[in-house]
């Protein structure tokens with residue numbers, strides 16, 4: 001999970017990422033959810049975006065299911081991201 005302070009002064013979770021494993025000395029990562037910066041800002045200059053699924057079903061979902069926590073496939077359905085305009089970061 002990546003928490004970022006945005007230009008509007010707020011802190012938002014911008015990435016939820018799963019560690020996939022190792023390839024030699026390199027840790028491989030896979031983004032599961034990303035913040036959609038392309039949704040613009042509101043009248044107060046705050047980002048309207050929210051986390052959106054990338055379409056990757058993480059390996060930890062099986063472990064959660066073994067614990068009795070069931071996440072339906074719709075949780076991980078990919079969502080379209082808004083196109084980024086100038087200065088959305």
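The values are calculated or read from the model by the stated rules, or taken from the named source; none is laboratory data. The structure displayed is predicted, hence computed values, not measured ones. Cβ placement follows ideal geometry from the backbone for every residue including glycine, while neighbour counts extend to all protein chains displayed.
Of note, residue 58 does not satisfy the criterion of being at pLDDT below 95 and loosely packed, with under 12 Cβ neighbours inside 10 Å.
Count of region 73-89 residues, restricted to those that are in a loop (DSSP other than H, G, I, E, B) and either at pLDDT 90 or above or under 16 Å from residue 18 (Cβ atoms) (or both), is 6.
Against the criterion of being surrounded by 11 or more Cβ atoms within 10 Å (Cβ to Cβ), more than 17 Å from the chain's Cα centre (by Cα) and either outside any loop (DSSP other than H, G, I, E, B) or modelled with pLDDT of 95 or more (or both), residue 20 does not qualify. Taken as a whole, region 23-34 holds no residue that is surrounded by 15 or more Cβ atoms within 10 Å (Cβ to Cβ) and part of a helix (DSSP H, G or I).
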